[in-house]
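What follows is a single structure, written as structure tokens, with notes after it.
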Amino acid sequence: MCWYDIFFIFFLLSCLFGLSLATELSFVTCGSVVKLLNVKHNVRLHSHDVSSGQQSVTGVTTVEDSNSYWSVRGNSRAPCHRGTPVKCGQTIRLTHLNTGRNLHSHYFASPLSSNQEVSAFGEEGEGDHLDDWMVQCGGSVWEREEAVRFQHASTDTLLSVTGEQYGRPIHGQREVHAMTGPSQHSLWRAMEGVFMKPSEIHDHRVLQEGSF
């Protein structure tokens, strides 16, 4: 069983049993599964297969789509232990829950805006160093209510949305790309999801569910 299958089972169980104590947890932790909202454009980070194994990353206005869930994981060199608060300045991977591919960027132009392309890459959560993103936030840890930025570790660009919309077959979805320099277009906030509570006794973990 793959790691993302396990996460999906945890997610379904949390919905089934109605765990609703996430209000106790004010920060994002490693192992959490979240949706990320672009504050400026009110779209959630989204991904799905397009064709021939290619996987796009876009922004969607739909709240309920399961293809907008991302798992917060360690980077390509360092693990991120479940339940540990994500620190400001920490480098992580964001792995698409349904497909196991990582949020990825590289020195190619995006199709609509000609900014730096963002896509989904890898298999079963394994990719390369171009999947690493540094969390930029104002305090010591990534607060759930805080608008944060994600800086691509290899190119120093920021995960952004500027409003360009695709036509068919993904009509209305917004282009997600990476840009140099911070702006309102690069602010994101953690929204719906399943949050891992920090361990209090050894490796005991408790899943906490956000509002859906």
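The values are calculated or read from the model by the stated rules, or taken from the named source; none is laboratory data. Small disclaimer: the values here were computed from a predicted structure and weren't measured. Note that we place each Cβ from the backbone using ideal geometry, even for glycine, and neighbour counts take in every protein chain shown. The accessibility values were calculated without ligands, DNA or RNA, using every heavy atom of the protein model including side chains. Shrake-Rupley method; radii C 1.70, N 1.55, O 1.52, S 1.80 Å.
Okay, here's what the table says:
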{"quantity": "Rg in Å to one decimal, and Dmax rounded to a whole Å, for the stretch 27-194 via C-alpha atoms", "calculated": "14.2, 42"}
{"quantity": "Carbon + sulfur, % of accessible area of the stretch 56-212 - ligands and nucleic acids excluded, 1.4 Å", "calculated": "49"}
{"quantity": "Efficiency of FRET from Cβ geometry, Tyr107 and Glu145, R₀ 25 Å, rounded to 0.05", "calculated": "0.15"}
{"quantity": "Straight-distance crosslink candidates among lysines, where the alpha carbon sits under 22 Å from Lys197 and sequence neighbours closer than 8 are dropped", "calculated": "Lys35, Lys87"}
{"quantity": "Local electrostatic count at Gln184 - Lys and Arg +1, Asp and Glu -1, tallied over other residues with Cβ under 12 Å", "calculated": "+2"}
